[in-house]
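Undergrad: Sharing a structure, written as structure tokens. Questions coming.
Every read-out reported here was derived from the displayed coordinates using simple, explicitly stated rules and does not represent laboratory data. Only a predicted model underlies this, so the values are computations on that prediction, with no experimental measurement involved. Positions of Cβ are generated from backbone atoms using ideal geometry, with glycine treated the same way; all protein chains shown enter the neighbour counts.
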Amino acid sequence: MPDFCGLELAHPIVNGSGTFDAIAARRAFGDELDAAFPFSAFVSKTITLAPREGNPPPRLWEAAGGLLNSIGLPNKGLEGYLAEDLPELARLPVPLITNVMGSTVEEVAALVEALGEREEVAAIELNVSCPNVRTGLDLGADAAELGRVLRAVRPLTATPLIVKLTPNTADVASVAAAAEEAGADAVSLINTLRGMAMQPGRAGRPWLGARTGGLSGPAVRHVALAQVAAVASRVAVPVVGMGGVTSGRDALELLHAGATLVAVGTESFRDPAAGRRISGELSELAANRPFVSEV
Ligand code: RRO
């Protein structure tokens, strides 16, 4: 049973933010979903203070071994989340982690303060790493800037704060160390890698409405492993590792690289029950110790 920021979780597999819609899944699968929920904690899609429409279409491109997205953070805003989504998400059979993003220190502070007061929210994940939205703050790529924002918001809540890091930076371990020093209770990585796809037959024209997007899926798994290992050897706080996990063996490799929890993201789009399958495979690997030590 992993202990993560004081939460006792049933197994180490959670979802990556924005990759599993628990409210839509309950509509589709009813109470069956709660009886066999795929994750040991649920991480919400990122919310912002004000509602957002998201980026112009097209928003998705299927890449070799991966997915490029430029969703652009459509969401109901804090008020809509508190009124409509939080009551639904609070009924899930696992702890709720709410993911937030702000464009200014004041926005991040308002989000953290409001969510920190809600007992339904077990932890807050600060998204400082969306590749598809210009925030005006280059938080995730700049250790000093991230430290400044975290020091301002840390005193506003006792709720655990997880910082979601970007792989689109030269030295992710230094950014993680700055987050830890400024009071982060955990870090999570990787978010998507900035990428581009061209329109077939239209020379030089980008496919995505926002020109660039974020790459996820098996194509990024080895980048994730390298970055999780670099961060885990630099910080003492727990690390949530993610990037291209499709099997228990992939999850185990991230745990061996130093992660405490592993998030499943893109694979859940292909199979919404992937998290459950992967946690089952992981416990089978763990039960078969000689095999595990060879991995
Ligand atoms: O909504 C998005 O476009 C998005 C977000 Br907030 C993020 O953190 N990572 C990503 O790949 N897409």
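Undergrad: Please provide three numbers in whole Å: the alpha-carbon extents of region 1-88 along the principal axes, with the largest listed first.
TA: 41, 38, 29
Undergrad: When the Cα centres of region 212-249 and region 1-37 are compared, how far apart do they sit, in Å?
TA: Taking the Cα centre of each part, region 212-249 and region 1-37 sit 20 Å apart.
Undergrad: Another question, if that's okay. What ranking, highest mean first, results for peptides 164-172, 2-10 when packing means the other Cβ atoms within 10 Å averaged over each residue? Intermediate results must be reported in sequence, preceding the final value.
TA: Values: 164-172: 20.4, 2-10: 15.7.
Descending packing order for the listed peptides: 164-172, 2-10.
Undergrad: Could you give the spread of the C-alpha atoms of region 5-157 along their three principal axes, from largest to smallest, in whole angstroms?
TA: Computed over the Cα atoms, the extents are 45, 40, 29 Å.
Undergrad: Taking the square root of 5 times each eigenvalue of the Cα gyration tensor, what semi-axes in Å does the equivalent ellipsoid of region 106-247 have, largest first?
TA: Numbers: eigenvalues 161, 66, 39 Å².
Here the semi-axes work out to 28, 18, 14 Å.
Undergrad: Run the helix sum for the chain: -39,500 (n - 2.57) per DSSP H stretch of 4+ residues, divided by residue count, reported at 222 nm to the nearest 500 deg cm²/dmol.
TA: On the way: 12 runs with 99 residues, N = 295.
One gets -9000 deg cm²/dmol as the mean residue ellipticity at 222 nm.
Undergrad: Just subtract the alpha-carbon distance of E8 and K76 from 0.36 nm times their residue separation and send over the number in nm, one decimal. Each step should come with its number before you reach the end.
TA: Values: separation 68, 0.36 × 68 = 24.48 nm, distance 3.01 nm.
Computed gain between E8 and K76 is 21.5 nm.
Undergrad: Report, as a whole number in µm² per second, the diffusion coefficient that Stokes-Einstein gives for the chain at 4 °C and 1.567 mPa s using the Kirkwood radius over alpha carbon pairs.
TA: Working: Rh = 19.1 Å.
It diffuses with D of about 68 µm²/s by this estimate.
Undergrad: Given bins 5 angstrom wide, list per bin the percent of all Cα-Cα distances in region 183-231, short to long.
TA: 5, 17, 20, 16, 14, 11, 8, 5, 2, 1
Undergrad: If you don't mind, another one. How many angstrom lie between the Cα centre of region 54-89 and the Cα centre of region 164-206?
TA: That distance is 17 Å.
Undergrad: Return the percentage of antiparallel bridges among DSSP beta bridges fully within the chain, rounded to the nearest 5 %. Spell out each step's value before the answer.
TA: Working: 15 of 39 bridges.
Here the antiparallel bridges make up roughly 40 percent for the chain.
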